[in-house]
Structure formats: C-alpha cells, structure tokens
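Student: Shown below is the structure under consideration.
Each value in this text was obtained by applying a stated rule to the coordinates, not by laboratory testing. Quick caveat: nothing in here was measured; it's all calculated off a predicted structure. With ideal geometry, Cβ positions are generated from the backbone for all residues, glycine too; neighbour counts draw on all protein chains shown.
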Amino acid sequence: MEQNAAEYRALCYQAFNFAKLRLDDILENQNDDKPLAIIADIDETVLDNSPYDVKLIESDTRYEKSSWIEWGKLEIAKPVPGILQFLSYANKKRIEIFYISNRYNEQLLETKNNLKKVGFPNADENHILLRKEVSSKKSRRDMVSNSHKIIMLLGDNLTDFSEVYDNKKTKERNHLTDSLKHHFGNNFILLTNPIYGDWESKGIYEGKSWNIIQEDSIRRSKIISY
Ligand SMILES: [Mg+2]
C-alpha cells in the first residue's frame, strides 16, 4: 500500500506542485467580485487514514461504521503529503478553503479537531461540510457557490468533482472521464487512492454488497488478460 511507496508521496507532490502553478495562473487572471474558494475532500485528500486500513488488515475485519468512528475520535490522522503547504499557500492568498466530506455529520467535532491540530486553514464549522441526508456532494458544492467562486476542487474520488459521477459503473465512469478530460490538472486536482473508492464499490461491485467469495469472482471477471 501507499505507506511503503515513495511513488505515492511523489504523486501527491506532483498534484500539489501543479495545483500551485494553476492557482497562481488563476489568480493572475482573476477579476471576479465574489470571494474565491477551493473545495477539498477530506479523507485521502487532506487526511491520511492508512493506519485505519492497516488495522482492518491486522484484525482481519472489514470497514464498519463503528470502527471508522472509533479511529476518527483519536484525531491522529496525518496530512496527505504536500496538501498542508498547498492549502496554507492558497489561504494566504485570501482563498477560503471548504472541506466537503462524506464523513458522518456526528464526526464534526473530532474532524475539526484533527484538522486544527495539524494546522489546516479554515478548520471551523462554517467550512467543514459533512454528510447529512445525502451522500452526493452537489448540494454542498452549490451552497458554497452561492457565496463564492469555486476555482478548484481537490479529491481522490471522482464524485468529489462532479455529480455526473454519482452512482455510476465502470464503463460510464471511464466514458465520463474521457469527456471531462480537460478539467483534470486544470480545476480538478486528483489524488490517487489505490485502497478504496467508487472505482471499487460502484465500479467493480456495482453498488451492491457481496460476500468475500463473490467479490473474488467479480474481481476476476472484470480484469482484462490477453
Ligand atoms: Mg476521499
């Protein structure tokens, strides 16, 4: 996993080095009246939860809400490489950071504490928008865009960028990504997440839950050999 791949760290730095170039360029050509905002997902974009994944492996268990909340309460997740520097830089340029995450709303306090401890800007209730009724992030993005101009989105899952990806299977996700290709590295900055994501749950498993044996055969049926 990414804990032992310096290439993972390098990909993060690559993303944020490029995001900074884009940001400087956007600011130079900016003449909007609205205040500017960047939207960032939290898990695996801002905070690194890989110790939680390791714990699941160690205990031979799977993701469960209760263990996830337990991990969150520890408030010890570290920043993804390069993100803290990038968001601090943006914030110094008077850009507001909004954190739109599908952590459960009951995790607000510990999420805020964890972000604050590490030193993230705008780590307060007005800027941390967690999941309430719906998992789609569209309505929360719309809320931000009522008062701000969103200049950039950061995420590790395609639904962090656009609702067109909500509940889509692999073929559609691939097709949509081809049609949106100009956004990536432009106003969409994508981090890699090889551990989990919609690529697996909505893509490979098509949004359904399976037992471990079924999952194994589904995985095998969806890879391409020669
Ligand atoms: Mg995420």
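Student: Quick one: divide the alpha-carbon radius of gyration of the range 105-184 by 2.2 N^0.38 Å and tell me what you get.
Tutor: For the range 105-184, the normalised Cα radius of gyration is 1.26.
Student: Full-extension gain between LYS116 and LYS55, please, as 0.36 nm times their residue separation minus the C-alpha to C-alpha distance.
Tutor: Additional length available on full extension: 19.5 nm.
Student: Another question, then. What does a probe at ILE76 reach in the range 43-62, counting residues whose amide N is under 17 Å from the point 7 Å along Cα→Cβ?
Tutor: Counting backbone N atoms under 17 Å from the label point, the list is 47-59.
Student: Something else now. What is the angle, in °, between the Cα long axis of helix 170-179 and the longest principal axis of the Cα atoms in the chain? Nearest 10 is fine, range 0 to 90.
Tutor: Taking the Cα atoms of the chain, the angle to 170-179 is about 30 degrees.
Student: With the Cα gyration tensor of the range 67-136 giving a ≥ b ≥ c as the square roots of its eigenvalues, does the rule (a/c under 1.5 for rounded; else a/b larger than b/c for prolate; else oblate) give rounded, prolate or oblate?
Tutor: oblate
Student: Once both axes come from the Cα atoms, what is the angle between helix 65-74 and the longest principal axis of the chain, in degrees from 0 to 90, rounded to 10?
Tutor: The answer is roughly 40 degrees.
Student: Right, another one. Select from HIS183, ALA19, ALA123 the residue farthest towards the positive end of the dipole of the chain; place +1 on Cβ of Lys and Arg, -1 on Cβ of Asp and Glu, and compute about the Cα centre.
Tutor: Farthest towards the positive pole: HIS183.
Student: Pull up the cross-link candidates among the lysines for LYS132, meaning alpha carbon to alpha carbon under 23 Å and not fewer than 8 places away within one chain.
Tutor: LYS65, LYS73, LYS112, LYS116, LYS168, LYS202, LYS208
Student: Cα convex hull of the chain: mean projected area in nm², to one decimal?
Tutor: Hull-based average projected area comes out at 13.5 nm².
Student: Please get the size of the charge dipole for the range 110-226, origin at its Cα centre, with Cβ charges of +1 on Lys and Arg and -1 on Asp and Glu, quoted in debye to the nearest 20.
Tutor: For the range 110-226, the charge dipole is close to 80 debye.
Student: Mind listing the phi-derived Karplus ³J(HN,Hα) values for the range 147-163, rounded to whole Hz, using 6.51, -1.76 and 1.60 with θ = phi - 60°, and x for any glycine or proline?
Tutor: 10, 10, 9, 7, 9, 7, 10, 10, x, 10, 9, 5, 5, 6, 9, 8, 6
Student: Right, here's the next one. Once the Cα atoms of helix 108-118 and of the chain are each reduced to a long axis, what angle between those two axes, in degrees from 0 to 90 to the nearest 10, is obtained?
Tutor: 70 degrees
Student: Show that you can apply the helix-only estimate: for the chain, add -39,500 (n - 2.57) for every DSSP H stretch of four or more residues, divide by all residues, and state [θ] at 222 nm to the nearest 500.
Tutor: Rounded to the nearest 500, it is -12500 deg cm²/dmol.
Student: So if R0 is 30 Å, what FRET efficiency would ILE223 and ASP124 give, r being the distance between their Cβ atoms, rounded to the nearest 0.05?
Tutor: Once the sixth-power term is evaluated, E becomes 0.10.
Student: At q = 0.10, 0.19, 0.22 Å⁻¹, what log₁₀ I(q)/I(0) does a Debye calculation on the Cα points of the range 1-89 give, no solvent, two decimals?
Tutor: -0.37, -0.95, -1.12
Student: For the chain, give the magnitude of the charge dipole about the Cα centre (Cβ charges: +1 Lys/Arg, -1 Asp/Glu; no others), in debye to the nearest 20.
Tutor: 260 debye
Student: Could you tell me the distance between the Cα centroids of the range 117-162 and the range 18-90, to the nearest Å?
Tutor: About 11 Å separates the Cα centre of the range 117-162 from the one of the range 18-90.
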